[in-house]
Every structure is written in C-alpha cells, then in structure tokens.
1. Taking every alpha carbon pair in the range 66-150, what does the distance histogram look like in 5 angstrom bins from 0, in percent?
2. HN-Hα J couplings of the range 146-158 from phi, Karplus 6.51/-1.76/1.60, θ = phi - 60°, integer Hz, Gly and Pro as x?
3. If you stretched the chain out fully between V184 and A73, how much longer would it get, using 0.36 nm times the residue separation minus the C-alpha to C-alpha distance?
4. Any lysines with Cα under 29 Å of the K124 Cα? List them, leaving off those in the same chain fewer than 8 positions away.
5. Show me the trypsin sites (Lys or Arg not before Pro) within the range 79-171 that DSSP assigns to loop and that have at most 14 other Cβ atoms within 10 Å of their Cβ.
Amino acid sequence: MFSALQVRRVVAASVVGLAWTTAAFAQGPFALTSTTFKDGTLMPRKVANMNPQNPNCVGENVSPQLSWTGAPAGTKSFALLLFDPEGRAPGGVSHMVVYGIPADVKGFAEGELSQPSPKFVGGKSLMDKPIYFGPGTPPNTDWHHYTWTLVATDLDPKALQPGLTRDELAVALKDHVKGSAGLVTRFRHPSGK
C-alpha cells in the first residue's frame, strides 16, 4: 500500500498540474486581432498604399491597429508579416516584414507600423521597405487576400540584423518558433472587377 506521505505527494502533484493546466487554458489561445477590421473581412481603403503617380495606390497607407494575446510560454520576441498571394502571381507580394518585437509589446496602434519604431526591427518587403506598405491592387481585378501572420519566437529581440526578406526571416526562425497566429483580410481596387 501507499503511505500517507506518498498519497499527499501524489495529490499535491496532481493539484499543481491541474492548476498549471487551468492557468494555461485560462490565458486562451494565441490570437491576433484588429479594431481596424475583423478576420475574413474587407480592409478599409485608408490602409491601401498611397502614391499619386500610381493608379493602383488609392489609400492613405495607414497601417491597421493590431493586438495579440495568449503568447506561448518562453516567447522572447515576435515577427509580423503581411503577404498577398495573388499579387504579382505566381510569387505573391510581401508587404511587410518586421521582427525583433519584444515579448512585452502586445500590439501596435493604427498608423504605428507605417513608420520606423524602436518597437521593431525593419525587414525588407518586396518593395524594399522596412515598414508597412499597404495594398496596391490594380484596377479591374478581383479580390486579393492579405495574410497577417504573427510569429512568437524564442529569439532575443536584437538577435537578427535589419533588412531580412520574408524568405531570409523564415530561414533565421527555423527551430525558434514557439507558435503563430494570424488574420486573413481582403482588398481590391475601388474600381471593382
């Protein structure tokens, strides 16, 4: 049989394990959200790129508000990517690559990713930009889907050099990803199809 001490130890270990599991689930899943748009919906025109010389760019290039909760245990930094798979087919368009976001940062205000910030390290989009570069869909095309991906990593925020492309960042993050969260939104030129 078991001694009273052994029974108490098993019960104590079970309670600790249950408390840890309950705390982990109480935190909720790793999730990326926005007050500018909801997952699966249309992005407002203001987030589109702004360039009077380019008829594709009809917005204000205001980056959306983004926030997140439920980061996995052991997260030291985040990376944030924006990708349009329909743009410049078949390769797609990388609109934003930022990383080195410290674990204590829980989001960005509207417009904050449209300019350099000490809260992130700028990578390199397809347009060679280290910051947000909004949609610029051509007139008379169908909807483009924009995938926002937040990656939790175990890397120190200053571990990676500035200027990494999406593909270079993927290589650098190999074996360092703790989890990811995302949103998918849509946009098309106001001229419609």
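Read the figures in this text as sums done on the coordinates, not as results from a lab. In this text, all values refer to a predicted model and were calculated from it rather than measured experimentally. Cβ sites come from the backbone with ideal geometry, for glycine too, and all protein chains shown count toward neighbours.
1. The calculated distribution, bin by bin, is 3, 13, 24, 22, 16, 12, 6, 2, 1, 0.
2. 10, 9, 9, 10, 9, 10, 8, 10, 9, 8, 4, x, 9
3. 37.5 nm
4. Output for K124: K38, K46, K76, K106, K158, K174, K178.
5. Working: sites: R88, K106, K119, K124, K158, R166; in loops: R88, K106, K119, K124, K158.
Within the range 79-171, the qualifying trypsin sites (Lys or Arg not before Pro) (loop, at most 14 other Cβ atoms within 10 Å) are R88, K106, K158.
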